[in-house]
Amino acid sequence: MPPIDTNSGQIIAVVEKTSMGYYRPAVSRFVDVRELVELVYQSLPCLTDVVAWGDTCHPIRQYKGELVANRFKTIVAPFAPNNFKQLCNVLEDAKALITGSCVITMFLGPSSQPPRDLNILVTEQRFRLLEAFFLHKLDYEWVDRTAIPHDALLHAVARFVCYRLEDRLVTIYVVNDAGLFRAVVCSPCTADMIAMTPGGICSFYPKLTMDCVAILSSGGLLVDPEYAVGNVWSERFTMYDNAEFLGADCGLSCPSLWRGVADGNLSRVIEWDRRFSIKEPLQKSHTIWRLAETCSNPLCSFRAIPGRYHPLLPPLTMPADLNTIEDQCFLVKRHSFTSPVTVTALLYATAATSPHKVPVGLQEGKEKLRCLDDLEMNFWVNTLARDKFAVPANHYRRTFSAIPDAPALKLPNSYTIVREEPEGYPPPNALLKERFGQSSLNDTLRGNILVLKHFNHDRRQVADVTEGDISIINLLLDGGALRKIHWANFK
């Protein structure tokens, strides 16, 4: 066949004979691949479709990263006229995340109107870097410096500041001590639980978001229809207050199950420029979250049903002495009867006369132990007193490989000490005071202490605590570990 001329270049085709004796034309190569790729790319608004199509063959794959990066530039560059590259570097230096309508547009494609607001999450320590860039470099003006976050965001956002340049708005959210991703998963609905850097994007509920449906979080239930907080009551998404609309078993996506930011099994992460990676901060995050305490979907296998024990953790009364510890051991084993993993830890209960070895199972829905975040420790230590839905798990534990007062004295294994949330007002720990009490520590020795053991100093390898470990753990606690987990050091 002769070459075919098109507006996008010349297509050279050949005629092939099939096994049935028929002839058919087959495209052998594109003279102008890039232009044709751009045409197809423009017809695929959803980013996941763009990535899937971009991975089909090498001629298309070589343009995928550039085309996705151009989409990001088209969305974000209007907020930094003639300074797009510097904006990307400032966002990277500030370790900031972009959220809101710009990220939704990046993930789902453009809506009827382009985004006019750029939402950024940043820590208090790096806020000044962003503020100086927008005020002094780009000549933005303050809109409101004293705005108070909506109640739905108070657990994660300390304050926010708005800036304006012509018809463009930039809102910088200063998060509290718990980290950026905790602010993301504290969003009022699943559609808002999405964030990006100049080189990558992560959606924690990709399937729901692509279907333009969303489930309200515990904070989203506080948003009245007349208020616009995130995508709650947005015309682009259909909102539900539970998972009953699925009409099927929730599976591992059940709103009542704990999920980890670093666990990418149910999330969707797409990177187009690893120089501005989003995978690295994801992997360093220890935030876990859930949407609800219980699931109201009648078809969900994780829904609390009569005859099956589903405790609301933490218990109203934490185990404190031998009798309550034994009762709790029974409940843990009953709760974990389907769990393939149960490890033995050492508990220093507040009213006990000696430490006790206790079982610790996996969280509901987890099938294997990948990291400490997968263990359900709230039977023994209350880490949910501050927030029952989004928890910075690493704030309640510390791992030791040596005696703090004698760093040269290395331990044969590592040990992680888990303490309780002070806002739960735990009682004084009489056992710790009796064995390790010091005048400078006595007022801070409150609540239960749980100690876990790790083989080969690898925190992913959790092992059973044995009788032989107890003396080493006592040495560790007496050798400065209790001082290192001083309650005042945690928020």
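Name the lysines eligible as straight-distance cross-link partners of LYS366: C-alpha to C-alpha under 29 Å, and not fewer than 8 places from it in the same chain.
LYS207, LYS279, LYS284, LYS333, LYS357, LYS388, LYS453, LYS491
With a point put 7 Å past each Cα toward its Cβ, work out how far SER354 is from ASN83 in nm, to one decimal.
Going from the SER354 label point to the ASN83 one covers 6.7 nm.
Quick check: Cα centre of the range 92-108 to Cα centre of the range 362-400, how many Å?
28 Å
If the cut-off is a Cα-Cα distance under 20 Å, which aspartates and glutamates reach LYS95, setting aside same-chain residues fewer than 8 apart in sequence?
Leaving aside aspartates and glutamates fewer than 8 places away in the same chain, those within reach of LYS95 are ASP117, GLU124, GLU131, ASP177, ASP192, GLU271, ASP273, GLU280.
Given R₀ = 30 Å, what would the calculated FRET efficiency be for THR56 paired with ARG274, taking r from the Cβ atoms and rounding to 0.05?
Calculated value: 0.90.
Summarise the accessible area of the range 168-260 (1.4 Å probe, protein heavy atoms) by the percent that is carbon and sulfur.
Carbon and sulfur: 52 percent of the exposed surface of the range 168-260.
How large is the helix-only mean residue ellipticity at 222 nm for the chain, computed as the sum of -39500 (n - 2.57) over DSSP H runs with n ≥ 4, divided by its residue count, in deg cm²/dmol to the nearest 500?
One gets -6500 deg cm²/dmol as the mean residue ellipticity at 222 nm.
Determine the relative contact order of the chain: mean sequence separation of Cα pairs under 8 Å and six or more apart, normalised by residue count, in whole percent.
9 percent
Could you tell me, in Å, what Rg and Dmax come out for the Cα atoms of the chain?
Every Cα atom of the chain included, Rg and Dmax give 26.8, 95 Å.
Please compute the per residue accessible area over the chain with all protein chains in place, 1.4 Å probe, rounded to a whole number of Å². Intermediate results must be reported in sequence, preceding the final value.
Details: 23820 Å² over 491 residues.
Heavy-atom SASA per residue in the chain reads 49 Å².
Set the Förster distance to 35 Å, then compute FRET efficiency between THR399 and LEU312 from the Cβ-Cβ distance, nearest 0.05.
That gives a FRET efficiency of 0.75.
With the cut-off at 26 Å, report for the range 355-491 the share of all Cα pairs above it, as a whole percent.
Numbers: 1868 of 9316 pairs.
Counting every Cα pair in the range 355-491, those more than 26 Å apart make up 20 percent.
How compact and how long is the range 417-475, expressed as Rg and Dmax of its alpha-carbon atoms in Å?
Rg then Dmax for the range 417-475, in Å: 13.5, 36.
So what is the relative contact order for the range 308-407, in percent, with contacts set as C-alpha pairs under 8 Å and at least six apart? Walk me through the numbers before you get to the answer.
Numbers: 105 pairs, mean separation 25.6, N = 100.
Normalised by residue count, the contact order of the range 308-407 is 26 percent.
Tell me which DSSP H helices of the chain clear both cut-offs, 18 Å or more of axial length from alpha-carbon atoms and a mean Kyte-Doolittle hydropathy of at least -1.0.
Values: long enough: 58-76 (28 Å, -0.46); 322-335 (20 Å, -0.34).
Going by DSSP H runs, the hits are 58-76, 322-335.
The values are calculated or read from the model by the stated rules, or taken from the named source; none is laboratory data. Given the structure is predicted, the values throughout are model-derived calculations rather than measurements. Every residue, glycine among them, receives a Cβ derived from its backbone with ideal geometry; neighbour counts consider all protein chains shown. With ligands, DNA and RNA removed, areas are computed over all heavy atoms of the protein, side chains included. Shrake-Rupley method; radii C 1.70, N 1.55, O 1.52, S 1.80 Å.
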